Structure formats: C-alpha cells, structure tokens
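Accompanying notes for the structure given below.
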Amino acid sequence: MPGGNRRAKPPYESVIRGQWPRAEMGAVMGEHLGAQVAQAVSRALAEAMEEQEMSANALAKASDVNRQAIAHVLAGKVWPDLLTVASLEGALGVPLWPNHTAWPRDDRGRPCDPDICPAAVPAATPDP
C-alpha cells in the first residue's frame, strides 16, 4: 500500500472543473496517477453500464458487488480495489482498468490520462 496521504481524499475531490468522471483534475491530484486511474475506471464502468443498459442493482446481482459500492466507484467516492474491479469486469465482460502505462506523458514524464491531459506527449511505442 502506498504510504503518505495519497488516499486521504477520495478521488472525486481532485476535480477543479466539470463533473466526475469527465472532469479536469486539480493541480495537486492531477499529478496523482491513482486518481487518474480511478477516474478512468469510473468512466469505463459508467459507459459499460450504459451500453449494456444495466442498472446498479442488476450489476450488483451479476457481480456480487454491493450496489452502494458500485455507486461509490461511479461517483469517485472510493478508491476501487482489485476484487471490486475484477468482479465488475467479469460481470460486464469488458475491461475497466485502463492501460495507463500506454498513456501519454506529462511534462515531468509521468503517465497522464489523455482524456484529462490533452497536452501530454504521446508515449513512446517500442519498435516491432
């Protein structure tokens, strides 16, 4: 588990403009890769539920994840754990965890979700 205060605030508190999960991340938390991953998971979950026309109640039954836990992930109120994400992915049949190592890099060379850091430099791709 990471040390320090990186989990002190829920992911949604990093929003400075817009609404979770499509909001711009704040200057401090915007650099927080975990908050960006949590936002990407929340976005992917919302999109998958919408595409499959699945309610939180139906997904809770299919995934054996508490409906309130699903609501909290969607709202950015919790840091989603591996068991929750894996269970939701299994029930939905789609990946929710982003390929964040392939994200473009910010000016400090750290991965940055392209949906919230459009000025980031594309990640280098290895030669085949």
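The values are calculated or read from the model by the stated rules, or taken from the named source; none is laboratory data. Just so it is clear, the structure is predicted and the values come from calculations on it, not from any experiment. No Cβ is skipped: glycine too gets one built from the backbone with ideal geometry, and neighbour counts run over all protein chains shown. With ligands, DNA and RNA removed, areas are computed over all heavy atoms of the protein, side chains included. Shrake-Rupley method; radii C 1.70, N 1.55, O 1.52, S 1.80 Å.
Using heavy-atom solvent-accessible surface (probe 1.4 Å) with all chains present, what is the largest-first order of GLU47, GLU89?
I get GLU47, GLU89, largest accessible area first.
How would ASP106, ASP64, ASP115, ASP81 rank on accessible area, largest to smallest, probe 1.4 Å?
ASP64, ASP115, ASP81, ASP106
Excluding ligands and nucleic acids, what accessible area in Å² is computed for ARG108 using a 1.4 Å probe, to the nearest 10?
Its accessible surface works out to 150 Å², give or take rounding.
With a point put 7 Å past each Cα toward its Cβ, work out how far ASN99 is from GLU13 in nm, to one decimal.
3.4
Mind grabbing the accessible area of VAL73 for me, 1.4 Å probe, Å², rounded to tens?
Using a 1.4 Å probe on the heavy atoms, I get roughly 10 Å².
Provide the solvent-accessible area of HIS32, counting protein heavy atoms only and rolling a 1.4 Å probe, rounded to the nearest 10 Å².
Roughly 20 Å² of HIS32 is accessible to a 1.4 Å probe.
Which percent of the accessible heavy-atom area of the stretch 42-102 goes to carbon and sulfur, probe 1.4 angstrom? Before the final figure, lay out each step's value.
Values: 1810 of 3420 Å².
Its accessible area is 53 percent carbon and sulfur atoms.
For GLU50 and ARG67 in one chain, what is 0.36 nm times their gap in residues minus the Cα-Cα distance, to one decimal in nm?
Full-extension gain reported as 4.5 nm.
Can you tally the net charge around PRO98? Count Lys and Arg as +1, Asp and Glu as -1, for every other residue whose Cβ sits under 10 Å from the Cβ of PRO98.
Values: positive: ARG43; negative: ASP113, ASP115.
That works out to -1.
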